[in-house]
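The values are calculated or read from the model by the stated rules, or taken from the named source; none is laboratory data. Here the structure is a predicted model, which means the values were calculated and not measured. Neighbour counts are summed over all protein chains in view; Cβ atoms, including those assigned to glycine, are modelled from backbone coordinates with ideal geometry.
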Amino acid sequence: MGGYVPFAARITTILFRMILRVWAYSGLVLVFCCLVYYLYGAVFAMILLFFAVTGILYQIQDSLLYNSELPTHSRVYVPIPSTFNLPYESVMTKTSDGIQIHMYFISQSKDKQKPCPTIVYFHGNAGNIGHRLQNCAGLYSKLQCNILLVEYRGYGLSEGVPSEDGLYLDAKASLDYLFTRNDINHSEIIIFGRSLGKLCI
């Protein structure tokens, strides 16, 4: 019996050490699993957040890009060319997708109107065509030209909501309108774009 106690004590010690080692490994495995879950959970959450923010920005990109409401009341109040002593016609034309856009046709006197060039003026991002009348007055007097001031969809008195594809349709509709007029020289049409208006060229 005397040899049995040291043997049992040895076995117990070995088992106890194995349990401690397994427990330590189990604890390490548990910590590792929690860490992996935490890291991959954060990565997964970041991926979801990235796609959510990207989706939101995609949906509101046009409202971030186009400033049709600046300055205040730009969608309601559009100054008229006669404030700069410019003779004009206020024109509404329909684009190929059915949106009505507003334009000012500022023409030279009848004897000069046909032979002189016509500038199609695509304005910059903020405001409306009325905010470009000072520029047009300079072009009108210095260059002796007709001017078609084009208002994009969603700007000034034009219908619709601004978009890149819409700008192309607006530009096409304005040129189509000019070709319906018999009082201008169709071979002397100059397209001019400032800032956002360069997109239409």
* Verdict on VAL43 being outside the structural domain of LEU149 (by the TED database) and assigned to a helix (DSSP H, G or I) -> yes
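Determine which member of the set ILE147, ILE129 is touching an Asp or Glu at 6+ places or on another chain (Cβ under 7 Å), closer than 19 Å to PHE84 by Cα, modelled with pLDDT of 95 or more and in the same structural domain as LYS172 (by the TED database).
Working: ILE147 fails: touching an Asp or Glu at 6+ places or on another chain (Cβ under 7 Å).
When all the criteria are applied, what remains is ILE129.
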* Structure fact -> Selection from region 128-170 of residues among the basic types (Lys, Arg) and surrounded by fewer than 18 Cβ atoms within 10 Å (Cβ to Cβ) yields LYS142
* **Residues located in region 95-113, provided they are in a strand (DSSP E or B) and aliphatic (A, V, I, L, M)** => ILE101, MET103, ILE106
* Structure fact -> Of the residues in region 171-201 that are buried (at least 17 other Cβ atoms within 10 Å of the Cβ) and in contact with a helix residue (DSSP H, G or I) (Cβ under 7 Å, 6 or more places away or on another chain), the one that is modelled with the lowest pLDDT is CYS200
* To do: Answer yes or no: is there a residue in region 84-99 that is in the same structural domain as HIS186 (by the TED database), surrounded by 22 or more Cβ atoms within 10 Å (Cβ to Cβ) and free of Cβ contacts under 8 Å to residues at least 60 places away in the same chain.
  => no
* Structure fact -> Every listed condition ((1) farther than 17 Å from ASP62 by Cβ; (2) surrounded by fewer than 21 Cβ atoms within 10 Å (Cβ to Cβ); (3) at pLDDT 95 or above) holds for HIS123 save (2)
* Report the residue count in region 136-186 for those that are assigned to a helix (DSSP H, G or I) and either touching a residue at least 24 places away in the same chain (Cβ under 8 Å) or of a type in the set (A, V, I, L, M, F, W, C) (or both). => 20
* Determine whether SER107 is crowded, with 16+ Cβ neighbours inside 10 Å and on the phi < 0 side of the Ramachandran plot. => yes
